[in-house]
1. When the accessible area of the chain is computed with all protein chains present and a 1.4 Å probe, what percentage of it is carbon and sulfur?
2. Just going by the charge dipole of region 43-184, with Lys and Arg at +1 and Asp and Glu at -1 on Cβ, which of ALA73, ALA119, LEU85 is farthest out on the positive end?
3. Treating only the Cβ atoms of Lys and Arg (+1) and Asp and Glu (-1) as charged, compute the dipole magnitude of the chain about its Cα centre; round to the nearest 20 debye.
4. Using heavy-atom solvent-accessible surface (probe 1.4 Å) with all chains present, what is the largest-first order of THR81, THR117, THR132?
5. Per residue, how much accessible surface does region 39-153 expose to a 1.4 Å probe? Answer in Å², no decimals.
6. Which ³J(HN,Hα) values, rounded to whole Hz and listed in residue order, are derived for region 100-106 from phi using the Karplus coefficients 6.51, -1.76 and 1.60 in 6.51 cos²θ - 1.76 cosθ + 1.60 with θ = phi - 60°, glycine and proline given as x?
7. Of all DSSP beta bridges located in the chain, what percent are antiparallel, nearest 5?
8. Which whole-number percent is the relative contact order of region 85-152 (Cα, under 8 Å, 6+ apart)?
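The values are calculated or read from the model by the stated rules, or taken from the named source; none is laboratory data. Being a predicted model, the structure only gives us computed values, none of them experimental. Backbone-built Cβ (ideal geometry, glycine too); neighbour counts: all protein chains shown. Each accessible area value is taken on the protein alone, full model and side chains, heavy atoms only, with ligands, DNA and RNA left out. Shrake-Rupley method; radii C 1.70, N 1.55, O 1.52, S 1.80 Å.
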Amino acid sequence: MPAASPAGPNLDLELVDIGQLVAVDAAWPLHPGCLRAAAEGEIIEWARRQPAEVPLSVTIRLPPDAMGSADKARLGDAIATHFSLLAEAQERSVKEHFSDARRSLAVGLAILAGCLTTAFWLAADFPERPLTRIARESIGILGWVAMWKPVEMLLHDRRPILRRLRLLRRLAQASVRVVASGPR
């Protein structure tokens with residue numbers, strides 16, 4: 001049901017009632033974070049498949065008697081707020097991840113320096129024997145292994161979490177229209 005519009009990709013959701021999209025409870029009017037998990041997942045998956053450089057829009061089609069005009073405006077705001085809150089949470093997660101990565105890098109560099117210093121000390125102060133060589137090489141390998149996770153966190157793990165952050169920000173900026181269902 002996603003459709004493309006001249007302005008960019010548009011997700012067209014045809015609903016029987018508002019409960020398919022949001023958790024309607026005593027907190028009406030809609031509150032931030034009210035989007036159902038299945039709906040959130042569907043919207044995120046759709047947005048992930050869209051080109052990154054074009055703005056997104058969502059059209060929600062409801063039966064004419066499903067909502068009043070004031071509730072339609074609140075629905076669009078609630079969806080934008082929902083994805084804004086998710087983006088803020090993801091941003092905190094990104095900051096925490098990079099903070100952990102920097103701490104891990106400092107620890108890894110300290111361990112590497114200690115291991116390489118010990119390996120050089122073994123090479124300089126002990127005769128070259130098989131056991132000395134095994135110890136020296138093992139200590140050097142241990143130092144490099146200590147760097148594995150910090151390097152992975154800084155180089156490889158950052159791309160998916162930053163991509164998700166950009167996607168959530170795009171969804172928070174998406175235009176949301178609520179229209180009466182019927183002929184398109």
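1. Percent of accessible area from carbon and sulfur atoms in the chain: 61.
2. Towards the positive end, the residue furthest out is ALA73.
3. Numbers: 23 positive and 20 negative charges, 106 e Å.
Using only the charged Cβ atoms, the result is roughly 500 debye.
4. Values: THR81 55, THR117 90, THR132 25 Å².
Putting THR81, THR117, THR132 in descending order of accessible area: THR117, THR81, THR132.
5. Numbers: 6800 Å² over 115 residues.
With all protein chains present, region 39-153 gives 59 Å² per residue.
6. Coupling constants for region 100-106: 4, 5, 5, 5, 4, 5, 4 Hz.
7. On the way: 4 of 15 bridges.
Close to 25 percent.
8. Numbers: 44 pairs, mean separation 28.5, N = 68.
Relative contact order, region 85-152: 42 percent.
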